[in-house]
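Worksheet: one structure, shown below.
Nothing in this text is a laboratory measurement; each read-out follows from the coordinates by a stated rule. Everything quoted here is computed from the prediction, not taken from an experiment. Here the Cβ is made from the backbone with ideal geometry for all residues, glycine too, and neighbour counts use every protein chain on show.
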Amino acid sequence: MIYSLNEIDAHCKKAARGAGFEWGYAEEIGKAARWLAAFDLPGIAVLAAYLKERDEHPELFCRPDVSNMAHIISRNSGSLCPVLTGAWLCDSAGTDTQASMQFELLYYPLLLVPFLAQIAGSIQQTLTFEYRSTRLQYSDGVLNLDNDADLGCRLWGGYRISWRSSRSRLA
């Protein structure tokens, strides 16, 4: 069965709400799943795994510590939640966006990419996001992906994000 992007958005929003997210976060999750589906990325499968694990172990998914924008870690001993981290980054994008950021122990990094793409558009920069062997570049509505082997990975440390002027467009 093939679902429309609107159906993906609606179902994922309802799933997030059912998993205990407030409506605002649930709406952002629906938009993120829709964005990933539009680029044929496995966002729905990754979201399903994320919601299941978050339901079983909520203590693992922490808010980011915002004291150092260049090196983002969790506030607690757990790992960064991609939704809370993405929402926080979007809220602070216009003021504190660094040329480069490093993330430690981020769960389900693919779920952070739609938030980063939104920031890239708002600050008119090219985004580069690297984790494990995967490298994504996003600029002006174009997504380039190098090696999709680790798109659905669960947890890894040392994610790097960098921004650069979008005057040099992606091919």
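Report, by chain and number, residues whose modeled amide H sits under 5 Å from the one on Arg135, excluding near sequence neighbours (fewer than 5 apart, same chain).
Correct list: Asp146.
Name the aspartates and glutamates eligible as straight-distance cross-link partners of Lys31: C-alpha to C-alpha under 13 Å, and not fewer than 8 places from it in the same chain.
Counting by Cα, and skipping residues close in sequence, Lys31 has these aspartates and glutamates nearby: Glu7, Asp9.
Using a simple spin-label model with points 7 Å from Cα along the Cα→Cβ vector, what separation in nm is obtained for Leu5 and Asp150?
2.9 nm
Report, ordered by chain and residue number, the aspartates and glutamates lying within cross-link reach of Lys13, taken as a straight Cα distance under 16 Å and ignoring same-chain residues fewer than 8 apart.
Correct list for Lys13: Glu22, Glu27, Glu28, Asp55.
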